[in-house]
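Enquirer: Please see the structure below; I have some questions.
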Amino acid sequence: MIGPAPQPKGLDRVLRWFDDQGWTPWPFQLDAWHAHAQGRSGLVNVPTGAGKTYAAFMGPLASMLDEHAERRPLAGIRLLYVTPLRAVARDIEAALRRPLTDLAPRLTAEGRTGDTRPSLRAKQRERLPNVLITTPESLSLLLTRDDAATLFAPLSSVVLDEWHELVASKRGTQCELALARLRRIAPALRTWALSATLANLDVAASAAVGTGRDPAVIRGRMDRPLTIRSLLPPEIARFPWAGHLGLAMLPQVLDAIDTMRSTLIFTNTRSQAELWHSALLAARPAWAGFTGLHHGSIDRGARERVERGLKDGSVRLVVATSSLDLGVDFAPVEVVFQVGSPKGVARLLQRAGRSAHRPNAPCAVTCVPTNALELVEIAAVRRAVAAGEIEPRLPPPKPLDVLAQHMVTRALGGGFTPDGLFHEVRDAWSYRDLSRADFDWTLELVRDGGACLHAYPEHHRIESDRGLHRVPSRRTAQLHRLNVGTITAEATLELRLVSGRRLGTIEDHFIASLAPGDRFLFAGKTLRYVGLHDLTALVRPDRGKTRLTPHWAGTRLPISESLAQRVRSTLASPASADEPELRAAAPVLDAQRQMSHLPDAGELLVETTNTREGAHLFLYPFDGRLVHGGLAAILALRLTRLRKTTFALAVNDYGLELLTTDDYPFAELFTPSILAPDHLAEDAIESMNLSDLARLQFREIARVAGLVHPSHPGARKTSRHLQASAGLIYDVFREFDPGNLLLEQARREVLDRQFEHARLARTLERLAQARIVLRRVERPTPLAFPLVVQRSGVQITAETLAERVEKMRLLWENGVQPTPPPSNASSRRRRPRSRRSFGASWSS
């Protein structure tokens, strides 16, 4: 509890307003208001739907009411409310306007995001409202104004909504730097972060309030019971053993939907959402009038219609991705489904919290498994929730690309001196250990182009005028403002009907794979591709059938470390567990036990077998597909040091496979030393084509640092053009400046993002202590089968993958080796979609 303080008169008015609504403030809300009155900053952690928004807002509102009573009108901004999603900004604005209208109608609240209409933007150029709801990108854009110091001088409070969604990304780092600037402008600034699902609260709070401060961490002890149910396949023998779409469970989902109750069906990817929406309406055409689809690539107007429909009851069934995870208050939602494993405890809690979105109201989620082994994941996530195990979110350590962008922002926003900016930046928690040498190197890159780009005037973005660094070029300023931000998704194209109506955005690599006349699903409609014109993909409506959906990059989620640990412990004692998912999965787990072994939490199962394809090694750490990707590459390297060969690799969340056409002595060579954590970094670098991977990763870094620009006045570069531009710079740096700090950052990010390097190190340390159980098996076991399918899925034939999996499963049941088609199969192939896969070979 926060100690008592003299209560502002404005807070008395807030309490009376609560009483007029028939509400009683929760203890955590009172604690937050009193802490704000004491001038403190901190973090509020309470379950979804408990009242975090008013916990953060009413303290600043009380201060504004006191100030408003003394000086009328209240000019300038007092509260900045930062949200990660533009869609959430509209709901937050409505929530904040409610008490403002009753208590201080002359105080103004407005939104400022990429969706804000031009007339309001023009008005805000003259004067900001008293309360501004915005995003990290729009905040950085405001800080590029030459009068930013005057503009934000009256600011007294900042609220960071859904901080868990920002803190572990470069968007969070961008927020930290912006807050460090705002604290210099307004030294008494109070910052409050809000989150429902965080484990490392102290770290998250420190990142919000800045270096060297003592944040208040307020937890709301609120009983909001969560029920995790699941739909079970009627016959486990006929249920897919691999795959992630889940359409085999469509009949059960249709039976479970009550069309008179508002329902959200969450999927993990946009492609999966498109397929489920299409499948539901194909099975129940009469539902079309009240069924919606919601994901981030659909046109904003269409998303808003779905959101309004959820609130007014005209839309009662919505298939959605994480675009509806956060913040948007849909109190009428009664039922939530999760298709596939949530892959993380926090993600399931966030989505389950969408149901009965009210304080102390019980919430529930029904999980829909997409394959047999996901039944174990559902049981594991229930155990993790019961034990209160949530994943931590760690801020990225001092990314220099974000710092380079911020330097240009600061140069535009009134200018800076190097000494002053260095101390200001170190006030941001993620840059608390930034050295002066690294700061000066980044400054030289922005000012002179660094060691390699100094001959190119466009890379001289700032210049010093008697010690004050500013942006001299109007074009540089324009390019910077067009490209502010750290969101670096694949380059997108507008998608429009030939009649001109906008449907949304689509990634250009998908459009490049289409030929005119190809059909695909988008926004719940079947479309026929016409062609590309001025970076706009043109389509026509089509009545034909298709299951082709756009593939969006970065949508395959690995299982989290917390959930992976629970999966291992759940597998260790399935027979004694009284959970319906484990009872349903028992035939598969029993088959695994009979054919090989079912590992407990302290064991590592290793299986070897020979098929017509060659010699296989299967390994099951149960630690996520990214970790297994790194581990597979390292094992391949270490084994080929002992005996040379070429390996094909496959990975999933449960394990990995090494396959060679040689008669390879896996059992002889696989010893505990092969898993030693020693020389992990060196082996990781040697085991992969780090240079090529870092070259790809450098595109993001170059974009954020401002070395390349996706958006130009009146035009936008394609991803191929952007990659080529970034690739040229990467090659120049590597040849002439091999110690370049951005190259080092690219290598680190490859190891962290592609293979979760720190987690991989912990996995190897765990495996080094584990008891190795080596089994020679006659054919791939139930745990190995999905890995065989993973390789088969890379070779897309005229058959659907589901048909191929079913054939392989039937062969498996009949004791026949299930082998995928050879790579030179003459069957008709569809153009491969761009995706990262471990179906490639690795050799010495």
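Enquirer: Among the candidates Leu680, Leu659, Leu642, Leu690, which residue alone is modelled with pLDDT of 90 or more, surrounded by 16 or more Cβ atoms within 10 Å (Cβ to Cβ), among the hydrophobic types (A, V, I, L, M, F, W, C) and on the phi < 0 side of the Ramachandran plot? Spell out how you get there, then give the answer.
Expert: Numbers: Leu680 fails: modelled with pLDDT of 90 or more; Leu642 fails: surrounded by 16 or more Cβ atoms within 10 Å (Cβ to Cβ); Leu690 fails: modelled with pLDDT of 90 or more.
Of Leu680, Leu659, Leu642, Leu690, the one residue that is modelled with pLDDT of 90 or more, surrounded by 16 or more Cβ atoms within 10 Å (Cβ to Cβ), among the hydrophobic types (A, V, I, L, M, F, W, C) and on the phi < 0 side of the Ramachandran plot is Leu659.
Enquirer: Tell me yes or no: at least one residue of segment 209-225 is among the polar types (S, T, N, Q) and in a helix (DSSP H, G or I).
Expert: Kept after step one, since they are among the polar types (S, T, N, Q), are these residues of segment 209-225: 211.
Narrowing further to those that are in a helix (DSSP H, G or I): none.
Scanning segment 209-225, I find no residue that is among the polar types (S, T, N, Q) and in a helix (DSSP H, G or I), so the answer is no.
Enquirer: Looking at segment 592-618 only, could you name the residues that are in a helix (DSSP H, G or I) and either surrounded by fewer than 19 Cβ atoms within 10 Å (Cβ to Cβ) or under 32 Å from the mean Cα position of the chain (by Cα) (or both)? Working first, answer last.
Expert: Kept after step one, since they are in a helix (DSSP H, G or I), are these residues of segment 592-618: 592-595.
Once the filter is applied, which keeps residues that are in a helix (DSSP H, G or I) and either surrounded by fewer than 19 Cβ atoms within 10 Å (Cβ to Cβ) or under 32 Å from the mean Cα position of the chain (by Cα) (or both), segment 592-618 yields Arg593, Gln594, Met595.
Enquirer: Given the structure, is Leu557 closer than 30 Å to Ala384 by Cβ and open to solvent by 20 Å² or more (accessible area, probe 1.4 Å)? Steps first, answer last, please.
Expert: Working: closer than 30 Å to Ala384 by Cβ: yes; open to solvent by 20 Å² or more (accessible area, probe 1.4 Å): yes.
Here the answer is yes, as Leu557 does meet what is asked.
Enquirer: Any residue in segment 723-741 that is more than 14 Å from Ser691 (Cβ to Cβ) sitting within a Cβ distance under 8 Å of a residue that is polar (S, T, N, Q) and surrounded by 14 or more Cβ atoms within 10 Å (Cβ to Cβ)? List the pairs, counting only those 6 or more apart or interchain.
Expert: Leu741/Thr442
Enquirer: Where residues in segment 465-478 are buried (at least 19 other Cβ atoms within 10 Å of the Cβ) and in contact with a strand residue (DSSP E or B) (Cβ under 9 Å, 6 or more places away or on another chain), which of them is nearest to Ala705 (Cα to Cα)?
Expert: Of all residues in segment 465-478, those buried (at least 19 other Cβ atoms within 10 Å of the Cβ) come to 469, 471, 476.
This time we only want the ones that are in contact with a strand residue (DSSP E or B) (Cβ under 9 Å, 6 or more places away or on another chain), so: 469, 471.
Details: His469: 17, Val471: 15 Å.
Per the criteria, the residue is Val471.
Enquirer: Same structure, new question: What tally of residues in segment 519-553 results from selecting those that are in contact with a helix residue (DSSP H, G or I) (Cβ under 7 Å, 6 or more places away or on another chain), in a strand (DSSP E or B) and more than 19 Å from His294 (Cβ to Cβ)?
Expert: Total satisfying the criteria: 2.
Enquirer: Still on this model: In segment 324-341, how many are at pLDDT below 80 and open to solvent by less than 20 Å² (accessible area, probe 1.4 Å)?
Expert: In the first step, residues of segment 324-341 are kept if they are at pLDDT below 80; the result is 325-332.
When the remaining residues are screened for being open to solvent by less than 20 Å² (accessible area, probe 1.4 Å), the result is 325-326, 328, 330.
Counting residues in segment 324-341 that are at pLDDT below 80 and open to solvent by less than 20 Å² (accessible area, probe 1.4 Å) gives 4.
Enquirer: Quick check on segment 427-441. Is at least one of its residues in contact with a Ser or Thr (Cβ under 9 Å, 6 or more places away or on another chain), over 21 Å from Glu176 (Cα atoms) and open to solvent by 60 Å² or more (accessible area, probe 1.4 Å)?
Expert: Within segment 427-441, not a single residue is in contact with a Ser or Thr (Cβ under 9 Å, 6 or more places away or on another chain), over 21 Å from Glu176 (Cα atoms) and open to solvent by 60 Å² or more (accessible area, probe 1.4 Å).
Enquirer: It is to be established whether one or more residues within segment 259-276 are open to solvent by 40 Å² or more (accessible area, probe 1.4 Å), of a type in the set (Gly, Ala, Ser) and either part of a helix (DSSP H, G or I) or without any contact (Cβ under 8 Å) to a residue 60 or more places away in the chain (or both).
Expert: Checked against the condition, which is being open to solvent by 40 Å² or more (accessible area, probe 1.4 Å), of a type in the set (Gly, Ala, Ser) and either part of a helix (DSSP H, G or I) or without any contact (Cβ under 8 Å) to a residue 60 or more places away in the chain (or both), segment 259-276 yields no hits at all.
Enquirer: May I pose another question? Just checking: which of the helices (runs of 4 or more DSSP H) contained wholly in segment 381-463 hold 3 or more residues that are modelled with pLDDT of 95 or more and closer than 25 Å to Glu165 by Cβ? First the steps, then the outcome.
Expert: Details: elements: 400-412, 418-425, 436-448.
So the answer is 400-412.
Enquirer: Select, from Ala248, Ala242, the only residue that is assigned to a loop (DSSP other than H, G, I, E, B), among the hydrophobic types (A, V, I, L, M, F, W, C) and more than 30 Å from Ile133 (Cβ to Cβ). Break it down stepwise before answering.
Expert: Numbers: Ala248 fails: assigned to a loop (DSSP other than H, G, I, E, B).
Answer to the check: Ala242.
Enquirer: So, in segment 227-239, exactly how many residues are outside any loop (DSSP other than H, G, I, E, B) and open to solvent by 50 Å² or more (accessible area, probe 1.4 Å)? If you could, list the steps in order and put the result at the bottom.
Expert: Initially, segment 227-239 is screened for residues outside any loop (DSSP other than H, G, I, E, B), giving 227-230, 236-238.
From what's left, open to solvent by 50 Å² or more (accessible area, probe 1.4 Å): 227, 229, 238.
Of the residues in segment 227-239, 3 are outside any loop (DSSP other than H, G, I, E, B) and open to solvent by 50 Å² or more (accessible area, probe 1.4 Å).
Enquirer: Let me ask something else about it. Would you confirm, using the coordinates I've provided, whether Asp255 is open to solvent by 40 Å² or more (accessible area, probe 1.4 Å), within 24 Å of Phe239 (Cα to Cα) and not polar (S, T, N, Q)?
Expert: Working: open to solvent by 40 Å² or more (accessible area, probe 1.4 Å): yes; within 24 Å of Phe239 (Cα to Cα): yes; not polar (S, T, N, Q): yes.
Yes; evaluated as a whole, the condition is true for this residue.
Enquirer: Glu765 is checked against (1) in contact (Cβ under 8 Å) with a residue 12 or more places away in the chain; (2) in a loop (DSSP other than H, G, I, E, B); (3) surrounded by fewer than 16 Cβ atoms within 10 Å (Cβ to Cβ) and fails just one. What number does that condition carry?
Expert: (2)
Enquirer: Shifting gears a bit: Could you check segment 120-139 and list, in sequence order, the residues that are part of a helix (DSSP H, G or I) and open to solvent by 10 Å² or more (accessible area, probe 1.4 Å)? If you could, list the steps in order and put the result at the bottom.
Expert: Just the residues of segment 120-139 that are part of a helix (DSSP H, G or I), to begin with: 120-126, 136-139.
Answer for segment 120-139, where residues must be part of a helix (DSSP H, G or I) and open to solvent by 10 Å² or more (accessible area, probe 1.4 Å): Leu120, Arg121, Ala122, Lys123, Arg125, Glu126, Glu137, Ser138.
Enquirer: Follow-up question, since we're still on this one. If you check Arg540 against the conditions, is it surrounded by fewer than 17 Cβ atoms within 10 Å (Cβ to Cβ), touching a Phe, Trp or Tyr at 6+ places or on another chain (Cβ under 9 Å) and at pLDDT 90 or above? Spell out how you get there, then give the answer.
Expert: Numbers: surrounded by fewer than 17 Cβ atoms within 10 Å (Cβ to Cβ): yes; touching a Phe, Trp or Tyr at 6+ places or on another chain (Cβ under 9 Å): yes; at pLDDT 90 or above: yes.
When the stated conditions are applied, Arg540 passes them.
Enquirer: Follow-up question, since we're still on this one. Any idea which residue in segment 91-118 is farthest from Ser169 (Cα to Cα), counting only those that are acidic (Asp, Glu) and not in a loop (DSSP other than H, G, I, E, B)? Outline the logic, then answer.
Expert: Here is the first cut: in segment 91-118, the ones acidic (Asp, Glu) are 91, 93, 102, 110, 115.
Filter once more, so that each one left must be not in a loop (DSSP other than H, G, I, E, B): 91, 93, 102, 110.
Values: Asp91: 24, Glu93: 25, Asp102: 38, Glu110: 26 Å.
Result: Asp102.
Enquirer: If you don't mind, another one. Give the residue that is surrounded by the most Cβ atoms within 10 Å (Cβ to Cβ), with candidates limited to residues of segment 308-322 that are in contact (Cβ under 8 Å) with a residue 12 or more places away in the chain and of a type in the set (D, E, K, R).
Expert: Arg316
Enquirer: Quick check on my filter: what residues within segment 499-518 are under 19 Å from His295 (Cβ atoms) and touching a residue at least 12 places away in the same chain (Cβ under 8 Å)? If you could, list the steps in order and put the result at the bottom.
Expert: If we filter segment 499-518 for residues that are under 19 Å from His295 (Cβ atoms), which is where we start, we get 501-511.
Scanning segment 499-518 gives Arg502, Leu503, Gly504, Thr505, Ile506, Glu507, Asp508, His509, Phe510, Ile511.
Enquirer: Pick from Gly388, Gly344: which is closer than 23 Å to Ala50 by Cα, among the small types (Gly, Ala, Ser) and open to solvent by less than 10 Å² (accessible area, probe 1.4 Å)? Can you show your working first?
Expert: Details: Gly388 fails: open to solvent by less than 10 Å² (accessible area, probe 1.4 Å).
The match here is Gly344.
Enquirer: Same structure, new question: Which of the residues that make up segment 725-748 are modelled with pLDDT of 90 or more, in a helix (DSSP H, G or I) and open to solvent by less than 30 Å² (accessible area, probe 1.4 Å)?
Expert: Ile729, Tyr730, Phe733, Leu742, Leu743, Gln745, Ala746
Enquirer: Restricting to segment 442-464, give me the number of residues that are surrounded by fewer than 13 Cβ atoms within 10 Å (Cβ to Cβ) and either hydrophobic (A, V, I, L, M, F, W, C) or touching a residue at least 24 places away in the same chain (Cβ under 8 Å) (or both).
Expert: Restricting attention to segment 442-464, the residues satisfying the condition of being surrounded by fewer than 13 Cβ atoms within 10 Å (Cβ to Cβ) are 455-457.
Subsequent filtering for residues that are either hydrophobic (A, V, I, L, M, F, W, C) or touching a residue at least 24 places away in the same chain (Cβ under 8 Å) (or both) retains 455.
Residues in segment 442-464 being surrounded by fewer than 13 Cβ atoms within 10 Å (Cβ to Cβ) and either hydrophobic (A, V, I, L, M, F, W, C) or touching a residue at least 24 places away in the same chain (Cβ under 8 Å) (or both): 1 in total.
Enquirer: In segment 50-90, which residue that is of a type outside the set (Ser, Thr, Tyr), open to solvent by 30 Å² or more (accessible area, probe 1.4 Å) and not in a loop (DSSP other than H, G, I, E, B) is modelled with the lowest pLDDT?
Expert: Glu70
Enquirer: Say whether the condition of being open to solvent by 50 Å² or more (accessible area, probe 1.4 Å) and among the acidic types (Asp, Glu) is met by at least one residue in segment 26-37. Before you say what the answer is, go through the steps one by one.
Expert: Narrowing segment 26-37 to residues open to solvent by 50 Å² or more (accessible area, probe 1.4 Å): 26-27, 30.
Then keep just the ones that are among the acidic types (Asp, Glu); that gives none.
There is no residue in segment 26-37 that is open to solvent by 50 Å² or more (accessible area, probe 1.4 Å) and among the acidic types (Asp, Glu).
The values are calculated or read from the model by the stated rules, or taken from the named source; none is laboratory data. These numbers come from a predicted model, not from an experiment. FYI the Cβ positions are ideal-geometry reconstructions off the backbone, even for glycines, and counts take in every protein chain you see. Side chains included, ligands, DNA and RNA excluded: accessible areas come from the protein's heavy atoms. Shrake-Rupley method; radii C 1.70, N 1.55, O 1.52, S 1.80 Å.
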